[in-house]
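The values are calculated or read from the model by the stated rules, or taken from the named source; none is laboratory data. Please read all numbers here as calculations on a predicted model, not as lab measurements. For neighbour counting, all protein chains shown are included, and Cβ atoms are generated from backbone atoms with ideal geometry for every residue, glycine included.
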Amino acid sequence: MILFCDASVLLAASGSGSGASRYVFENALACDWRTVSCPWCVSETVQNLHKLPGQAPHVWRDDIKPILEIKPDALTLDKLLVFPKSKDRPVLLAALAAKADVLLTLDREDFQNTIGNAIYGMNIRTPGAFLMDQRATGLIE
């Protein structure tokens, strides 16, 4: 399963050892989840790491980034995509281009509240909601 992680998830995974975002990365290989992102999200993550406490830059460099696939943020669609102009439009386009099964984001305002829980077959979830979905279907304990 391909999980596209936006910058909010990358930052949360780097900054907290006990949250759902970190759980996704710690269990990605065992659960056969491919964690992917794009240069836009990586740049935003790197620019904001200094705002996080403690070991966040080291966790990013040593634990998160090594298992993150960076995909181009270019997309060609044969369907109409209407999404309000926002800083997060490149994230949505990159997730679709990566053929992600799930876009993981903590930014409900720009994603779930604007376009809902799915677009063109790609689910949009917070890491916590994604993990609850996985548990409900018996894919994780």
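For the range 1-58, what are the residues that are over 21 Å from T137 (Cβ atoms), assigned to a helix (DSSP H, G or I), in contact with a Leu (Cβ under 8 Å, 6 or more places away or on another chain) and among the small types (G, A, S)?
S8, A12, S14, G15, A56
Filter the range 83-122 down to the residues that are part of a helix (DSSP H, G or I) and modelled with pLDDT of 80 or more, then identify the one that is surrounded by the most Cβ atoms within 10 Å (Cβ to Cβ).
Taking the range 83-122 and keeping what is part of a helix (DSSP H, G or I), we get 89-97, 112-115.
Filter again for modelled with pLDDT of 80 or more, leaving 91-97.
On the way: V91: 26, L92: 25, L93: 19, A94: 25, A95: 31, L96: 20, A97: 17.
So, considering only residues that are part of a helix (DSSP H, G or I) and modelled with pLDDT of 80 or more, the one surrounded by the most Cβ atoms within 10 Å (Cβ to Cβ) is A95.
Please name all residue pairs, on different chains or six or more residues apart, with Cβ atoms under 7 Å, provided the first residue is in the range 55-76 and is at pLDDT 90 or above and the second residue is assigned to a loop (DSSP other than H, G, I, E, B).
I70/C38; K71/C38; K71/A98
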